[in-house]
Amino acid sequence: MSLLLELDQVTASYGSVQALFGVSLSLREGEVLALMGRNGMGKTTTISTILRMLPLKSGALRFAGRDIAGLASHQAARLGLGLVPEGRRVFAPLSVRENLIAAARPGAWDMARVVALFPRLGERLEQRAGTLSGGEQQMLVIGRALMTNPRLLILDEATEGLAPVVRQEIWAAIHALKASGLALIIVDKTLKELAPVADHAVILERGTTVWTGDCKALTPELTDRYLGV
Ligand code: ATP
């Protein structure tokens, strides 16, 4: 499979405050990458940089064979970069149906396919999004991102704070998305649920890639050193 995304020694700053000091990672079509690291180590900043919401200071950023370092975020989205951001933002006054329609772009994903992935949304198409449970809102946010027909979907803490049953539903959907051939980057704290779906992992420490490899190679020593509290 060909290379879909490549970051090579990427650095980035919030104004004068540097947050990324050398992030390198790569992902092929259809692969799932776990982006890991303790709080504040630069995972969300790396995602913001990939999605062109934060300027690159140096390094290289390529997506689908193109240098995208100079693109604006709407241009990156049009190329097929999709995001499920931290914090579950839905359009609260709009219905589930309207939330999905508002995100739609031509491609393989439509409302019927989202409803097949998340049947709970199908039962609630006319309900106002603001009145959904936290888990249902997260399903809607994932559904909205899919409606844009991404080539790469990035999930930032998609299961954070959700009840175990709902977490399982979201992980099942993630497995189904992988099986459909979609490339994914997943930021999540639970290695137990990440490891079975992720092909490989990248660990960040203080804005730098410090480890890259197969999830199965993440020994307790490594997780203690890089992910322990
Ligand atoms: P978490 O798991 O807590 O979300 P993270 O690994 O995603 O952590 P980032 O949010 O990327 O970490 O933060 C990386 C560094 O950048 C931190 O030192 C953080 O304080 C800083 N930072 C994040 N957002 C901003 C901002 N808007 N302005 C200035 N500094 C920021």
Working carefully through the options ARG97, ARG38, find the one that is modelled with pLDDT of 95 or more and either of a type in the set (S, T, N, Q) or not in a strand (DSSP E or B) (or both). ARG97
Picking from ARG97, ARG105, which residue would you name as being more than 18 Å from the chain's Cα centre (by Cα) and closer than 30 Å to VAL10 by Cβ? ARG105
Taking ILE68, is it at pLDDT 95 or above, more than 10 Å from the ligand (Cβ to nearest atom) and either under 21 Å from ARG206 (Cβ atoms) or in contact with a Phe, Trp or Tyr (Cβ under 6 Å, 6 or more places away or on another chain) (or both)? no
Determine whether ALA102 is under 15 Å from ARG144 (Cβ atoms) and loosely packed, with under 15 Cβ neighbours inside 10 Å. yes
Per the filter on the range 7-29, residues buried (at least 17 other Cβ atoms within 10 Å of the Cβ) and under 15 Å from the mean Cα position of the chain (by Cα) are LEU25, LEU27
Could you go through the range 69-84 and let me know if any residue there is in contact (Cβ under 8 Å) with a residue 24 or more places away in the chain, surrounded by fewer than 19 Cβ atoms within 10 Å (Cβ to Cβ), part of a loop (DSSP other than H, G, I, E, B) and of a type in the set (A, V, I, L, M). no
Please work out which residue is nearest to the ligand (Cβ to nearest atom), limiting yourself to the range 178-196 and to residues that are within 14 Å of LEU27 (Cβ to Cβ) and surrounded by 14 or more Cβ atoms within 10 Å (Cβ to Cβ). VAL187
Contact list, first residue from the range 29-50 and closer than 20 Å to ASP224 by Cα, second anywhere and near the ligand (Cβ under 7 Å from one of its atoms) and among the hydroxyl-bearing types (Ser, Thr, Tyr), beta-carbon distance below 7 Å, six or more apart or interchain, is LEU35/THR46
Looking only at the range 175-195, which residues are part of a helix (DSSP H, G or I), in contact (Cβ under 8 Å) with a residue 24 or more places away in the chain and under 22 Å from GLY82 (Cα atoms)? ALA176, LEU177, LYS178, GLU193, LEU194
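The values are calculated or read from the model by the stated rules, or taken from the named source; none is laboratory data. Note that the coordinates shown come from a computational prediction; the quantities given were computed from them, not determined experimentally. Methodologically, a virtual Cβ is constructed for each residue, glycine included, from the backbone with ideal geometry; neighbour enumeration extends over all protein chains shown.
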